[in-house]
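Here's the structure, in structure tokens; my notes come after.
The values are calculated or read from the model by the stated rules, or taken from the named source; none is laboratory data. Quick caveat: nothing in here was measured; it's all calculated off a predicted structure. Positions of Cβ are generated from backbone atoms using ideal geometry, with glycine treated the same way; all protein chains shown enter the neighbour counts. Quick note on the areas: whole protein, heavy atoms, side chains included, nothing else; ligands and nucleic acids left out. Shrake-Rupley method; radii C 1.70, N 1.55, O 1.52, S 1.80 Å.
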Amino acid sequence: MIRSQLSPRGRRLAGAVVIAASAAIVLAGCSGGGGSGGGGKTLVVDNSFDLKTSDPARAFELTGSIVDRALYDTVLTFKGSDVTKPVPSLMSFTESSDDKTLTLKMEGKHYFSNGDPVTVDDVVFSLKRVQGIAGNPSFLLDGVTVTKKDDTTVVLTSKTANPALPFILPNPSLGIVDSKLLQKNGGSTTKSDSAESFLNKTSAGSGPYMLSSYSVNTKVVFTLNPHYAGPKPAYSKVVLENVAGPTQKINVQAGSSQVALDLNADQVSGLGTGKTKVIKGVSPDLIYLWFNQDSAVSGGVTDKQDFLTAVRKGIDYSKMLSLSGEGATQPGGMVPSQFLGSIKPDSTNTYDAAAAKAALAKSGYSGQSVTFSYPNDITINGLQMETLAQALQSQLGAIGIKLTLAPSPISTFLDAYRAGKLQSGIMYWGPDFPDPSDYLVFNPGEDLGLRAGWKAGADDTVTAAQQAALAASGDARASAYADWQRAQNATGPFVPVVQPAQYVVTASSITSLELNPVWTVDLAAIK
């Protein structure tokens, strides 16, 4: 619902893509070299998986976006790293003057990997399926009615002004599936849909690649879609491997992989000459802490405002940055530094040990153990959550807070976190679409708020600031979103910690690779 009330957006997103654009330029200027080349050969990309499914209507993790970007066309897309302007993919679009109606018109002819033509019926089925299944990505189309107008036209109608919709539609979770094929294999537009297992074996998209093999633990293998209507990818086969950062470095140095997506600052040391190239920048991924506000989970500790103040002031942010690599930055609020409405850190999230200890004493905290959860089998831009968790345990221990670390695999962690059952911990948030409104989920009663036990009506000040941000338009949006984040910092359970440095290392044979804050990398565009 929140995302259906967005105002004009995108102006500041140029900052979010500067790094990516620069990366493309750097690579374009460094052609040649050895290693595995193009011309229909195999491309191996190493990534630290957070993969749960390849079903676009259910997938919403970072690796899932990489996978579904390769398998499924969307009605609109972004060109390369430029997320400031949605462009046609399967369809072109026009918006009504009140931003409540988006008309999509089929562009050219497109075909699924089995040769079936893509029709407006497939578009309607796919978007309604996302809504009907009500999985993690369904919020993207909250408040949107999907209607077939004729054999070439689909109309999306929003209850309220929804100018962000063209920026939302390129999300890989809104990939278009073959409705006829899917309905033969359990697909529907309701919660009774049972096509996920089918889609984890056989892709049903019109994207540049189709699924050859799939494992959430080891690798996903892609082969060319023989009926793809767009430019033929440089590589006829792509292997996306689940590999930890240290091994990613070994692989790209040895030439057994051509792209390493998750190396940290230490790991890229010594790379960038000879057989490898290094791209450096700031990740749009936000790493944050949460402290549960549900009295049944808080242990009578984490729902105390003075305890939260102690945490905010007890973190030595400069040391956290030093762990996160050259180029890392501390966000002032929940909106990443590259996006419209971002703020600088202020006194609410500046290290002050004396103030932290005073707030802790005021909170009534008496040394109880606070369970601090995190996934221990993933890295974010090469940064291990465990490294940050251990540093936080030490820093907060210095002011008197006893954190008991509780690592678990991402698959286990996500289920418990999404159920709002974890007392505290550290997690990351990658942008779903490039707009500050994407971060309003961190409000009382919203998806992320509920994971921290922050129920609707829990904080009238923050809710009022949220409503003001939603109502703002034009230039007023930046200040409205800034005010909302300051309100969050004053009383909310979320603590923004760091945006890590982002490094991508490629073999010297790679001549073109553009990063994108929504799907990280387009496998079909790598040359």
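Is it fair to say A472 is open to solvent by less than 20 Å² (accessible area, probe 1.4 Å) and not basic (K, R)? Yes, satisfied.
Of the residues making up region 371-394, one or more are without any contact (Cβ under 8 Å) to a residue 60 or more places away in the chain and within 17 Å of K313 (Cβ to Cβ).
Within region 409-425, track down each residue that is under 18 Å from the mean Cα position of the chain (by Cα) and either buried (at least 21 other Cβ atoms within 10 Å of the Cβ) or touching a residue at least 24 places away in the same chain (Cβ under 8 Å) (or both).
I410, S411, F413, L414, Y417, R418
The condition of being under 23 Å from T53 (Cα atoms), of a type outside the set (D, E, K, R), at pLDDT 95 or above and under 25 Å from the mean Cα position of the chain (by Cα) does not hold for S113.
Contact annotation: residue pairs with Cβ atoms under 7 Å, 6 or more positions apart or on different chains, pairing a residue in region 258-273 that is more than 14 Å from L323 (Cα to Cα) and at pLDDT 85 or above with a partner that is of a type in the set (D, E, K, R) and open to solvent by 20 Å² or more (accessible area, probe 1.4 Å), are A260/K249.
Considering region 85-104, and only residues there that are crowded, with 18+ Cβ neighbours inside 10 Å, of a type outside the set (A, V, I, L, M) and at pLDDT 95 or above, the residue that is nearest to D68 (Cα to Cα) turns out to be S89. So if I check each of D55, D82, which one is of a type in the set (D, E), within 17 Å of the chain's Cα centre (by Cα), modelled with pLDDT of 75 or more and open to solvent by less than 20 Å² (accessible area, probe 1.4 Å)? Selected residue: D55, the only one of D55, D82 that is of a type in the set (D, E), within 17 Å of the chain's Cα centre (by Cα), modelled with pLDDT of 75 or more and open to solvent by less than 20 Å² (accessible area, probe 1.4 Å).
Restricted to region 444-458, and to residues there that are assigned to a loop (DSSP other than H, G, I, E, B) and over 21 Å from G341 (Cα atoms), the residue that is nearest to the chain's Cα centre (by Cα) is A452. Pairs are defined by a Cβ separation below 7 Å, a sequence spacing of at least 6 or placement on different chains, a first member in region 202-217 that is open to solvent by 10 Å² or more (accessible area, probe 1.4 Å), and a second member that is assigned to a strand (DSSP E or B) and among the polar types (S, T, N, Q); the pairs so defined are M210/T223; S212/T223; N217/N242.
Look through S212, S257 and report the one residue that is over 12 Å from V45 (Cα atoms) and among the hydroxyl-bearing types (S, T, Y). Answer to the selection: S212. Suppose the filter is closer than 19 Å to Q183 by Cβ and open to solvent by 10 Å² or more (accessible area, probe 1.4 Å); does G108 pass it? Criteria not met by G108. One residue is enough: does region 430-449 have a residue meeting the conditions hydrophobic (A, V, I, L, M, F, W, C) and open to solvent by 30 Å² or more (accessible area, probe 1.4 Å)? Checked against the condition, which is being hydrophobic (A, V, I, L, M, F, W, C) and open to solvent by 30 Å² or more (accessible area, probe 1.4 Å), region 430-449 yields no hits at all.
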